[in-house]
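One structure is given here, and the rest of the page talks about it.
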């Protein structure tokens with residue numbers, strides 16, 4: 001097997017380029033393992049925490065909570081707590097999240113159209129690396 005350098009780093013000009021850091025942080029956040037599923041789920045209207053937990057396979061309650069907080073902090077989700085017992089909490093995508101959803105839908109469509117070609121390329125690569 002051939003060793004390859006797969007470490008991708010982004011260099012930001014200047015040591016304190018806040019705008020570039022923010023862009024990188026947001027891209028990291030929305031491209032994370034769980035964020036895309038949450039954003040897709042909330043794009044169609046308010047979703048309760050337990051609905052999200054059931055619809056996103058494999059996510060722990062802790063990771064769901066952290067991801068929701070981060071998406072809320074970035075202005076992509078709005079959290080609404082209803083004063084009931086037990087408390088009812090809903091998450092809704094903001095306008096900027098709905099704009100992002102359009103891009104995610106395009107990316108998903110692209111991936112579906114090209115999945116056969118990508119699978120064939122992976123197989124060919126793996127055979128060549130043996």
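The values are calculated or read from the model by the stated rules, or taken from the named source; none is laboratory data. Owing to the predicted nature of the structure, the values given are computational and were not obtained by experimental measurement. Cβ sites come from the backbone with ideal geometry, for glycine too, and all protein chains shown count toward neighbours.
Some points to look at:
- Test result for residue 38, in a helix (DSSP H, G or I) and either touching a strand residue (DSSP E or B) at 6+ places or on another chain (Cβ under 8 Å) or farther than 14 Å from residue 97 by Cβ (or both): yes
- Test result for residue 73, surrounded by fewer than 12 Cβ atoms within 10 Å (Cβ to Cβ) and either without any contact (Cβ under 8 Å) to a residue 60 or more places away in the chain or out of contact with any strand residue (DSSP E or B) (no Cβ under 7 Å at 6 or more places or on another chain) (or both): yes
- Looking only at residues in region 19-63 that are over 25 Å from residue 109 (Cα atoms) and at pLDDT 90 or above, the one that is surrounded by the most Cβ atoms within 10 Å (Cβ to Cβ) is 49.
- For region 77-97, the set of residues classified as in contact with a strand residue (DSSP E or B) (Cβ under 7 Å, 6 or more places away or on another chain) and either within 14 Å of residue 42 (Cβ to Cβ) or modelled with pLDDT under 90 (or both) consists of 77, 78, 79, 80, 87, 89, 90, 91, 92, 93, 94, 97, listed by residue number.
- The condition of being modelled with pLDDT of 95 or more and under 13 Å from the mean Cα position of the chain (by Cα) does not hold for residue 100.
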